[in-house]
């Protein structure tokens with residue numbers, strides 16, 4: 001179970017943003033994507049998650065292995081914490097994993113609270129609990145620790161470490177230093193896409 | 001002018017209105033074509049200048 | 001050099017560049033000849049009197065209204081399958097012309113039937129299906145305007161065109177059912193063009209070809225404008241990227 | 001997918017807005033038309049099938065833009081796209097949820113409003129049958145329109161502009177089933193065509209809607 005990417009190019013709004021991206025993420029490994037805002041971290045993660053077709057290059061990962069978590073947590077405000085998790089458990093066919101996930105992200109006391117009454121940090125923890133519920137080995141996370149306080153970040157790092165030891169893998173785009181020693185770092189500025197044609201001719205992309 | 005008989009209004013109206021619609025269509029397309037052509041030459045000139053300055 | 005070579009924007013611009021003036025000239029000439037021939041030189045029809053002259057506007061525009069939608073359907077399919085920007089932009093350029101043709105067909109159809117029906121508008125199946133086609137065109141153009149990203153817009157409008165064509169076909173037969181079903185309305189068959197006397201047939205054919213050529217000329221100019229507009233957008237974006245990077 | 005249906009229905013019930021909007025509009029229409037047209041029973045009776053069908057159609061139209069808007073804003077549409085269920089399934093379930101929360105209640109309420117509109121006695125059965133057969137098509141086509149315009153700022157107006165022409169065949173056949181039923185004429189053809197459109201739309205449109213959603217998620 002490992003993810004390998006060979007000279008991948010991705011575009012945002014038709015304009016190439018990254019090209020030639022290559023890395024491998026073996027089981028038990030973690031990779032943190034670094035780079036200035038707007039360099040294409042989110043675009044790359046969305047392409048890996050399959051939400052967006054790549055311009056060129058190859059992504060090889062075992063089927064049904066990825067769990068994607070974007071900026072928004074995807075929680076239904078009028079549903080309670082338990083109902084949200086039970087829904088995602090039934091979607092991923094992993095019934096019964098809600099309880100361990102809730103206790104792992106210590107949300108057990110918020111069981112029947114509707115999601116709209118949760119604080120940003122609690123919502124984020126519920127979003128990460130959803131990841132546990134999916135039971136997918138490969139986590140693709142976009143800014144997972146945003147709006148988390150220091151204690152929760154520590155909790156998140158412990159969860160990721162446990163996930164890695166259990167043979168999972170994690171690909172994260174984040175700005176802060178997670179203190180995850182075994183995580184390798186990949187700086188995306190090295191793969192910034194050079195503007196293709198000069199001002200004269202124009203190819204299929206008009207530029 | 002041919003004798004259009006009782007329904008001259010209908011015949012004239014249909015010709016005048018149809019030709020008016022066609023004329024506005026042609027004018028709109030033609031004017032937009034000119035405007036965009038001018039804008040493109042300006043943008044290309046600016047791009048070439050920018051490329052020369054940092055070339 | 002397969003046909004798809006022309007889909008490359010640069011090659012398309014180079015090949016159509018010299019052609020446009022000729023096509024525009026031919027279209028203008030034929031339009032003039034056809035309409036003048038039809039309007040001035042044809043005798044009155046014994047049944048319809050002088051209103052028969054309206055046929056030289058109604059039948060060609062009605063035909064073009066349908067043919068343009070079919071052309072948009074084909075270009076949308078080409079865009080979805082071959083991802084050639086030119087065909088998507090050609091569909092976008094053709095839509096307003098199709099709308100204009102539909103409006104002309106509606107107005108001339110109403111005016112032509114006026115002597116028979118005594119009113120300006122009757123829910124005649126043919127006219128009603130053109131009214132529905134008009135709504136399809138407006139929806140298509142509105143969708144193009146509503147989306148910023150050109151590629152997404154091209155994809156979504158192509159899907160709309162495919163689905164819309166199926167429903168337009170169904171609406172046509174629904175309208176025929178709807179008019180026969182309730183009352184035996186004066187469904188004036190506006191197709192009488194085919195059985196026209198020889199005196200009318202040739203000017204009519206001329207007008208048909210003239211309208212066709214006019215469409216080709218206008219859609220070429222409009223598509224070239226769309227390509228240039230896309231090029232401006234792309235150059236401006238790259239300039240912004242360069243300032244960002246510098 | 002059943003979980004998604006269950007979730008959407010629970011959301012609709014909890015939000016409460018979903019049910020009321022369509023029904024309220026339908027009731028208002030059935031009250032306003034006689035006030036506008038005048039109280040003569042035979043006039044109302046003749047236009048009742050058309051007014052009831054147009055009312056049901058517009059009531060469906062009202063709640064279309066909320067089908068994907070909520071999931072788009074809170075990010076769950078992205079998560080659903082990366083979930084193991086196919087997007088075609090998600091779209092079909094969304095259409096079913098919309099029908100259950102809007103189409104079905106309208107169909108059940110229609111006879112009551114038929115009384116208001118002095119509908120001919122023989123037509124009530126046909127009214128309910130035609131709405132039962134026709135409203136699913138309205139939901140499936142509406143879901144396609146919602147998929148096209150998800151994420152657009154003022155998508156609501158554009159949505160109705162795109163969807164109305166697509167509703168024409170269903171409206172014509174649906175209304176003519178009721179009108180012919182009232183006059184005792186044979187309703188075989190319009191009924192069959194109405195059912196045909198609904199089945200065809202339910203079978204094919206989810207693929208187009210899923211494609212539109214994938215394009216919009218890019």
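The values are calculated or read from the model by the stated rules, or taken from the named source; none is laboratory data. In this text the structure is predicted, and so the values were computed from the model without any measurement. As a convention, Cβ positions derive from the backbone with ideal geometry for all residues, glycine included, and neighbour counts pool all protein chains shown.
Some points to look at:
- Filtered residues of region C:111-157 (kept if under 16 Å from residue B:14 (Cα atoms) and either touching a strand residue (DSSP E or B) at 6+ places or on another chain (Cβ under 8 Å) or crowded, with 21+ Cβ neighbours inside 10 Å (or both)): C:111, C:112, C:113, C:115, C:127
- Residue A:119 vs. criteria over 26 Å from residue A:51 (Cβ atoms), outside the structural domain of residue A:25 (by TED's automatic domain parsing), surrounded by fewer than 20 Cβ atoms within 10 Å (Cβ to Cβ) and modelled with pLDDT under 80: no
- Filtered by the rule that a residue be touching a helix residue (DSSP H, G or I) at 6+ places or on another chain (Cβ under 7 Å) and either farther than 19 Å from residue A:83 by Cα or in a loop (DSSP other than H, G, I, E, B) (or both), region A:108-134 gives A:111, A:112, A:113, A:118.
- Each residue in region D:178-207 was checked for being over 18 Å from the mean Cα position of the chain (by Cα), buried (at least 21 other Cβ atoms within 10 Å of the Cβ) and facing chain C (nearest Cβ under 10 Å), and 3 of them qualify.
- Region B:16-35: number of residues that are more than 7 Å from chain C (Cβ to nearest Cβ) and over 16 Å from the mean Cα position of the chain (by Cα): 1
- Considered as a group, the residues in region A:62-107 that are without any contact (Cβ under 8 Å) to a residue 24 or more places away in the chain and in a loop (DSSP other than H, G, I, E, B) include one that is surrounded by the fewest Cβ atoms within 10 Å (Cβ to Cβ), and that residue is A:63.
- Scanning region A:46-58 for residues that are in a loop (DSSP other than H, G, I, E, B), at pLDDT 85 or above and more than 10 Å from chain D (Cβ to nearest Cβ) yields one hit, A:54.
- Of all residues in region D:50-93, those that are within 14 Å of chain A (Cβ to nearest Cβ) and either part of a helix (DSSP H, G or I) or without any contact (Cβ under 8 Å) to a residue 40 or more places away in the chain (or both) total 22.
- Residue check for residue A:61: at pLDDT 85 or above, closer than 26 Å to residue D:213 by Cβ and within 13 Å of chain D (Cβ to nearest Cβ): no
- Filter result (facing chain B (nearest Cβ under 10 Å) and modelled with pLDDT of 90 or more) within region C:28-56: C:28, C:31
- Of the strands (runs of 3 or more DSSP E) entirely within region A:135-207, those holding at least 1 residues that are at pLDDT 80 or above, away from chain C (no Cβ under 14 Å) and surrounded by fewer than 13 Cβ atoms within 10 Å (Cβ to Cβ) occupy A:184-187.
- Search result, residues across region C:99-143 that are within 14 Å of chain D (Cβ to nearest Cβ) and under 21 Å from residue C:217 (Cβ atoms): C:99, C:102, C:137, C:141
- Any chance residue A:16 is assigned to a loop (DSSP other than H, G, I, E, B) and either surrounded by fewer than 18 Cβ atoms within 10 Å (Cβ to Cβ) or out of contact with any helix residue (DSSP H, G or I) (no Cβ under 6 Å at 6 or more places or on another chain) (or both): no
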